[in-house]
Amino acid sequence: MPATRRKPRIPTRAARKAAQGRARAPGARPAPAVGEEANRRAELVRVAARLFREKGFDGTTVRDIADAVGMRSGSPFYHFRSKQEILLAVMEEGLSAGLEATEAVLGRRLPPREKFRALVRAHLSTLFDAGHDFIPVLLYDWRALESGNRAKIIAVKDRFDAIWQAMVRELKAAGLLHTESRLPRLLVLGAINYMATWYKRDGKLSLDEVADQTVEFFLGPKAKP
């Protein structure tokens, strides 16, 4: 017998008003989003990422973000204290998605070359799949982050870099690279990330073809059996 799906709890009108009051209090953090409000927050982050990517952080206003999701100009402040906090949420979303996709590759127990290819392909998806504007914003608007927020992003980025550095060591151990320094990691991620400035999904190369050619460029042609 299939399990009965439980309906999400929707806060009462009084609870929503109380949360809004707390969110608007000077210096107070926005109340945690639940139910429909959580969906609205996610939509704000997604739309903000697209606008930041298209217009830049400095060129985008909170009113622009609100208009794009059909909100009043002050409504985003129910979820975020400032545009800076929206930028942080956008970057955290991108790194979280990238880290999740990267860790999923590790769980597949692939041989070194195939694992490297899968990591490259996963990173390409994080950059270019529909609605994935988060990482390009991280690349373009990194300097717009305040120092405290920058430290939060670096902490997550370090986990991401550690996985790629372990991949470099594995490739070296398999005889596919001549060094296990950080340079190969910086080169491959730098090359892939720079694609955000020129790659078009409707162009001549698919992401699978880009992944294949990237692996061959860095590791050479695959040895024939």
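Estimated at 0.36 nm per residue, the fully extended path between His178 and Glu146 surpasses their Cα-Cα distance by 7.7 nm. Electrostatic bookkeeping for Val156 treats Lys and Arg as +1 and Asp and Glu as -1; over the other residues with beta carbon under 15 Å from its beta carbon, the sum is -2. Along its three principal directions, the equivalent ellipsoid of segment 94-170 from the Cα gyration tensor extends over semi-axes of 24, 15, 9 Å, largest first.
Computed over protein heavy atoms with a 1.4 Å probe, the accessible surface of segment 37-163 works out to 47 Å² per residue. Across segment 134-225, the mean sequence separation of Cα contacts (distance under 8 Å, 6 or more residues apart), normalised by length, yields a relative contact order of 23 percent. Sorting 204-211, 103-110 by their mean Cβ neighbour count within 10 Å, with the most densely packed peptide first, gives 204-211, 103-110.
Sparsely packed loop sites in segment 165-204 (the chymotrypsin sites (Phe, Trp or Tyr not before Pro) outside DSSP H, G, I, E and B with at most 13 other Cβ atoms within 10 Å) comprise Trp198.
The values are calculated or read from the model by the stated rules, or taken from the named source; none is laboratory data. The shown structure was predicted, so the numbers you read here are calculated from the model rather than taken from an experiment. Positions of Cβ are generated from backbone atoms using ideal geometry, with glycine treated the same way; all protein chains shown enter the neighbour counts. These accessible areas exclude ligands, DNA and RNA; they are computed on the full protein's heavy atoms, side chains included. Shrake-Rupley method; radii C 1.70, N 1.55, O 1.52, S 1.80 Å.
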